[in-house]
Amino acid sequence: MNLSLESLRPCLDGAIPAVVATSALDGTPNVAYASQVHYVDAEHVALSYQFFSKTRENVLAHPYAQVQVVEPGSFRHFRLKLHYMRTETEGPLFEYMKAQLAGIATQTHMDKVFVLRGADIYRVLDIESVDPHIPPPPPPSDALLSLRRTLDRLGDTTDLSDLADRGLAALTAGFGIRHALLLMLDEAGAALYTLGSLGYPDSGIGAEVKVGEGLIGVAARERIPIRINYRTGDYAYQTAMRATHATEPRIPLPVLANPHSRIAVPLIHGGRLLGVLYAESEHDAFFSHADEDALVVYARHLAALVAQAACEPDDAEPAHDEPATRPTGAPLAVRYFAADHSVFIDNDYLIKGVAGSILWTLLNEHARNGRRDFCNRELRRDPRLPLPDFGDNLETRLILLQRRLAERCPTIALEKTGRGRFRLNIGRPLQLSA
Amino acid sequence: MSVQLTVEQTAFLQGPLSMNVGAVGRDGWPCVCRAQGVMVARDRQALTVLLSASRGRAVIDALDAGSGITLVVSRPSTHATLQLKASAATRATTGAAQRACSARCVAAFADELKGLGYGAGLEQALAALLPTDDLVALRFAPEIVFDQTPGPDAGRVLAHA
């Protein structure tokens, strides 16, 4: 096998349908279209199993097949000799193929027909170039160079807030990505919340996605990157996210209404899932296999920086409470609901969960004794806050709160005064009620 | 015994189609090759399918060695797909008519794909990929015809000898 399977990855994105030839036990040939020929590793591909077909009947009895795939751009054909190994009906590979098949199905207007029942794994025994005289298409953009540019732009920072902004902005310089989100896993590991966003009219800071929900949630649950190259209604967030009602306030996720390409990459460090990096585009096939590789590396780098930032020690110097000028004007009505720690300002939803609880604690401290300066260490120890034993999410929650306040209620602001230290600035009198 | 294709099936076979021919080699390996033209006999009981000799070497060798043949044709814009099978195929002569048929089928296929947004330069690319200078014609009388349109009904027998 002179050709590598890696070099054929552009043929394995579902842009041009593949065909699969099999043989019945009596030697009768069969040819069928394969919705999806998925690159598994350097020696294996997986074919989607959607219906019990003649192809499937044949390979279960006589486990040999030939698949013909076509390269987009050049239309060069390649034929792969395959040996059927097994079928997977759950797990990361299955979930990845299910997500990708949803994209292919919509692209081909077959979204009511294509439902994945299994991922049939085949070992690739041989690859034949059918059209060696046809020149290859122009090379795609160099993903390694894109990665390097992105890392150059990201630079070196141990400040989480800075990291969230620069980590996303750097994607434009490197990969031409214009729409992206950075989401962090919450303390319970049940949901992800948006810490940073790039390129949306509403920032969506604080918007949540349940683990397992949509493309981002599935990528988090399975801890795998998932890339969809075509528009699909599956894995959409819009419907769920717009279902806002009074009893369960939600911040809408600011994603594109009809993205044509999407990728979600988990942030994993030291075996722990920290969050998900998500990017999308209005263009079909925007993210290549190589882009996926590069973004996986980038997400690991980001995860390492996030973990490092969380370990940085707080400043030792105690903060000095500076006298505040007494706020004037009409009072702001701040209402707190203990059930979900949600906070409403003048009846508008602001935030909930850990961040809501932190804000309520700070405002009460301020109302009780006029305190404005706080440090992370005391918050970690505060029994009123629903924080887990490990405290590395506190910093991201404070950034989330700071950003949400800046967007929705700049009258109340959190100002960073040092590492692990911040000041509460209040521009109007507050009327607290719970 | 062969089946007689319906008028509708015959018309479908003359439309803009993606065509692939399959066979099974002596070693038991299935093989496939893109076809580049199909002609239906006047009595609608036989077909001639056109392949490039160089691109379809394995399929042609398998058929020469007595393999059964399968032809799958699909219209890209609708996904309507037929599969026709026979227990054998024989070589037929190629000439100007077959070359003209191949050129016409490839151009129609390219035109169909262009309408689906597969990009400019497609006609030239497919013409270069599927030239008419080394055509092999394979004639067979279909014994069974399947509806192979993707979906749960794929594989339904439409006609059986």
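The values are calculated or read from the model by the stated rules, or taken from the named source; none is laboratory data. All values reported here derive from a predicted model rather than from experimental measurement. Because the Cβ atoms are built from the backbone with ideal geometry, glycine has one as well, and the counts that use them run over all protein chains shown. For accessibility, only protein heavy atoms count, side chains too; no ligands or nucleic acids. Shrake-Rupley method; radii C 1.70, N 1.55, O 1.52, S 1.80 Å.
Has the stretch A:202-210 got any residue that is surrounded by fewer than 21 Cβ atoms within 10 Å (Cβ to Cβ), at pLDDT below 95 and within 30 Å of residue B:32 (Cα to Cα)? Within the stretch A:202-210, not a single residue is surrounded by fewer than 21 Cβ atoms within 10 Å (Cβ to Cβ), at pLDDT below 95 and within 30 Å of residue B:32 (Cα to Cα). Only a single item in (1) at pLDDT 85 or above; (2) open to solvent by 10 Å² or more (accessible area, probe 1.4 Å) is not met by residue A:318, and it is number (1).
Under the condition of being of a type in the set (Gly, Ala, Ser) and open to solvent by 40 Å² or more (accessible area, probe 1.4 Å), the residues counted in the stretch A:390-432 number 2. In the stretch B:32-49, of all residues being open to solvent by less than 10 Å² (accessible area, probe 1.4 Å) and farther than 16 Å from residue B:142 by Cβ, the one that is farthest from the other protein chains (Cβ to nearest Cβ) corresponds to B:37.
Counting just the residues of the stretch A:1-30 that are touching a helix residue (DSSP H, G or I) at 6+ places or on another chain (Cβ under 6 Å) and open to solvent by 30 Å² or more (accessible area, probe 1.4 Å), which one comes out nearest to residue A:56 (Cα to Cα)? Within the stretch A:1-30, the match that is nearest to residue A:56 (Cα to Cα) is A:25. Do we have any residue at all in the stretch A:74-91 that's polar (S, T, N, Q), under 28 Å from residue B:144 (Cα atoms) and at the interface with chain B (Cβ under 8 Å from one of its Cβ atoms)? No, the conditions are met nowhere in the stretch A:74-91. Each residue in the stretch A:44-60 was checked for being within 20 Å of residue A:226 (Cα to Cα), open to solvent by 20 Å² or more (accessible area, probe 1.4 Å) and of a type outside the set (Ser, Thr, Tyr), and 1 of them qualify. Residue B:119 fulfils the conditions (1) surrounded by 15 or more Cβ atoms within 10 Å (Cβ to Cβ); (2) under 21 Å from residue A:134 (Cβ atoms); (3) among the small types (Gly, Ala, Ser) except for a single criterion, (1).
Matching residues to (1) closer than 23 Å to residue B:147 by Cβ; (2) touching a Ser or Thr at 6+ places or on another chain (Cβ under 9 Å); (3) at pLDDT below 95; (4) at the interface with another protein chain (Cβ under 10 Å from one of its Cβ atoms):
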| position | (1), (2), (3), (4) |
| --- | --- |
| A:15 | no, no, yes, yes |
| A:20 | yes, yes, no, yes |
| A:29 | yes, yes, no, yes |
| A:43 | no, no, no, no |
| A:51 | yes, no, yes, yes |
| A:59 | yes, yes, no, yes |
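Looking across the stretch A:55-101, the residues that are free of Cβ contacts under 8 Å to residues at least 24 places away in the same chain and part of a loop (DSSP other than H, G, I, E, B) come down to A:63, A:90. Can you report the number of residues in the stretch B:138-161 which are closer than 16 Å to residue B:86 by Cα, acidic (Asp, Glu) and open to solvent by 40 Å² or more (accessible area, probe 1.4 Å)? Total meeting the criteria: 1.
Consider residue B:88 carefully, then state whether it is closer than 30 Å to residue A:27 by Cβ, surrounded by fewer than 21 Cβ atoms within 10 Å (Cβ to Cβ) and within 14 Å of another protein chain (Cβ to nearest Cβ).
Details: closer than 30 Å to residue A:27 by Cβ: yes; surrounded by fewer than 21 Cβ atoms within 10 Å (Cβ to Cβ): yes; within 14 Å of another protein chain (Cβ to nearest Cβ): yes.
Yes: the conditions hold for residue B:88.
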